[in-house]
Amino acid sequence: MLIDCDAVVRELWDFLDEELSGERIALIEAHVALCERCGPHVVFGRAFKAAVRTARDVAMAPAHLGPRVREALRAQGFSDPR
Ligand SMILES: [Zn+2]
């Protein structure tokens with residue numbers, strides 16, 4: 001392999017954020033595709049980032065969703081937070 005596991009782990013988050021050069025990303029992708037140790041790291045990292053993104057999207061939901069969310073909460077028996 002062209003790069004070792006330590007390098008992949010060290011650069012994992014930059015890799016997931018696509019903050020590396022295209023050449024570097026290609027090297028890591030090639031390693032991860034073949035490496036049983038690093039594959040799960042990437043799967044976990046991607047899932048983690050997706051979860052963070054989802055949480056952020058919910059927190060920053062457009063204002064017009066507010067009434068619908070409150071309506072849904074009321075339907076579930078929660079009191080109106082206003
Ligand atoms: Zn590896």
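The values are calculated or read from the model by the stated rules, or taken from the named source; none is laboratory data. Every value quoted in this text rests on a predicted model; they were computed, and no experiment measured them. Here the Cβ positions follow ideal geometry from the backbone for every residue, glycine too, while neighbour counts run over all protein chains shown.
So here's what we get for this one:
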read-out: Tabulated pairs, the stretch 8-36, first within 19 Å of A50 (Cβ to Cβ) and in contact (Cβ under 8 Å) with a residue 24 or more places away in the chain, second charged (D, E, K, R) and more than 16 Å from the ligand (Cβ to nearest atom), C-beta under 6 angstrom, 6+ apart or interchain; value: L16/K49
read-out: In the stretch 37-56, residue modelled with the lowest pLDDT [restricted to those that are hydrophobic (A, V, I, L, M, F, W, C) and loosely packed, with under 11 Cβ neighbours inside 10 Å]; value: A55
